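First the structure, in the form of structure tokens, and then the observations on it.
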Amino acid sequence: MELIDSHAHLNDPAYDKDLPEVIRRFKEAGVAAVINVGFDVESSRRALELAHAYPFIHATVAIHPHDAADFDEEAERVLKGLSMDRRVVAIGETGLDYYRNLSPRKQQEEVFRWHLNLARELRLPFIIHDREAHEDTLRVLRTERLSPAGGVMHCFSGSWETAKKCLDLGLYISLAGPLTFKNARRPLELARLLPLDRLLIETDCPYLTPDPYRGRRNEPAYVYYVAKAVATARGLSVEEVAAVTAANARKLFNL
């Protein structure tokens, strides 16, 4: 069985003390590749360092919407430089976060559009963070010329109606640990209804740890439990879900 964790943060300080053990565990669990996602300048640099150290870890670079207020000419210059590296497979995560509102919404949108334009110029896919900002996220996506390489709505939290609008834009939808939670009505509906050829799975580690490890630090090995939840919802085997979501990840990120 081959699994791919399509969104992880192994560049997070949560792994500073035991990253080799985390890598060993996910390799033993059948995780063949990890998309290691940048969320600021330093984490983007770290993502690239890990991608050059491990052939099965792939990097993305971006400024998270939480930090949009800190985006300046220097950050723009550095990110453009990093994005040229051959080990970068996507631009992201970028988007809008109206839950925490850590940066002004206008600046979030400006930085979001900058990332989308960079992805288009480089013909790379993009990774979207959308938290309680579905209408504005869709508005931005509809008014920009999107990268021909496409993109993914990561850790999708919207309704099936919103998901259909994202699918109409040619996007993939990624599901994460909340699918395994006891109150997971909406994620389970998505797991049943999403076209299999547009579905990805992820951990978003170190966050959103799935059951049965909820409450602990998350890690890529646990993407198995997301695949298992999808399989149960659709009446498929875990092996079938692992195979199709891995193939989708390889296609989107050109692995």
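Assorted remarks:
- Figure legend: label point modelled 7 angstrom from the Cα of ASP72 along Cα→Cβ; residues of the stretch 23-55 with amide N under 17 Å from it are 40-42.
- For the residue pairs LYS165/LYS251; LYS106/LYS251; LYS165/LYS228; LYS80/LYS164; LYS80/LYS165, the C-alpha atoms sit more than 23 angstrom apart in LYS106/LYS251; LYS165/LYS228; LYS80/LYS164; LYS80/LYS165.
- Of all DSSP beta bridges confined to the stretch 3-253, the antiparallel ones make up roughly 0%.
- Pairwise label distance in nanometres, MET1 with TYR54, each label 7 Å out on the Cα-Cβ vector: 2.0
- Helical mean residue ellipticity (222 nm; -39500 (n - 2.57) per DSSP H run of 4+; nearest 500) of the chain: -13000 deg cm²/dmol
- Each Cα pair under 8 Å and six or more residues apart adds its separation to the average, and for the chain the resulting relative contact order is 20 percent.
- For the chain, a crude dipole built from +1 on the beta carbon of Lys and Arg and -1 on the beta carbon of Asp and Glu, taken about the Cα centre, is about 680 debye to the nearest 20.
- Across the options LEU196, PRO104, SER147, the greatest Cα extent toward the positive end of the charge dipole of the stretch 3-253 (unit charges at beta carbon of Lys, Arg, Asp, Glu) belongs to LEU196.
- Relative contact order computed over the stretch 21-161 (Cα-Cα under 8 Å; 6+ residues apart), in percent: 20
- Where only alpha carbons of the chain are counted, the Rg and the Dmax (Å): 16.7, 50
- Extension gain for the segment SER159 to ASP197, taken as residue separation times 0.36 nm less the Cα-Cα distance, is 11.8 nm to one decimal.
- Compared with the direct C-alpha span, the chain from GLU110 to ARG123 gains 2.7 nm at full extension, assuming 0.36 nm per residue.
- Nonlocal amide H pairs with PHE126, under 5 Å, H built at 1.01 Å: ILE91, GLY151, VAL152
- Contour minus Cα-Cα distance for ASP168 and ARG250 (0.36 nm per residue): 27.4 nm
- Two-site FRET efficiency, ARG24 against THR143, from Cβ-Cβ distance with R₀ of 35 Å, rounded to 0.05: 0.20
A short reminder: the numbers here are calculations on the coordinates, not readings from a lab. Please read these numbers as outputs of a predicted model, since none were measured by experiment. No Cβ is skipped: glycine too gets one built from the backbone with ideal geometry, and neighbour counts run over all protein chains shown.
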